[in-house]
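These notes concern the structure reproduced below.
The values are calculated or read from the model by the stated rules, or taken from the named source; none is laboratory data. These numbers come from a predicted model, not from an experiment. Note that each Cβ is placed from the backbone with ideal geometry, even for glycine, and that neighbours are counted across all protein chains shown.
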């Protein structure tokens, strides 16, 4: 579970469509500062511990390879699978119960992993 900052699944739908389109069309490129600001405004916390953050660049930042793969799946009309770290420990346990369990078990969690 992404306990450092809000995960991409949570902030992605809060971006303007134009911004999501830009990220899909320029997947893997440096994310410009104005989009970094929009992401942080949507709840994404830029931190080395956030799985979707790659490295900083001269005029923005790069997303991680895993985040670029996630965006590529969305761009192809697919629904990305939850990351292994975010999956329920028991496949019969409802997702919301898993989140409640993880929040209780891991008190340092500061962001809720969001899924439809």
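Run down 75, 111 and say which single residue is within 17 Å of residue 15 (Cβ to Cβ) and modelled with pLDDT of 70 or more. One residue alone meets the criteria, 75.
Only residues that are surrounded by fewer than 18 Cβ atoms within 10 Å (Cβ to Cβ), in contact with a helix residue (DSSP H, G or I) (Cβ under 7 Å, 6 or more places away or on another chain) and not in a loop (DSSP other than H, G, I, E, B) were counted in region 23-53, giving 1. Scanning region 61-78 for residues being touching a strand residue (DSSP E or B) at 6+ places or on another chain (Cβ under 6 Å) and closer than 16 Å to residue 20 by Cβ gives a total of 1. Just one of the listed residues (38, 81, 66, 9) is modelled with pLDDT of 95 or more and within 16 Å of the chain's Cα centre (by Cα), and it is 38.
A Cβ distance below 8 Å, combined with a sequence gap of six or more or placement on separate chains, defines the contacts here; from region 19-34, residues that are touching a residue at least 12 places away in the same chain (Cβ under 8 Å) reach residues that are surrounded by 13 or more Cβ atoms within 10 Å (Cβ to Cβ) and assigned to a loop (DSSP other than H, G, I, E, B) in the pairs 23/15.
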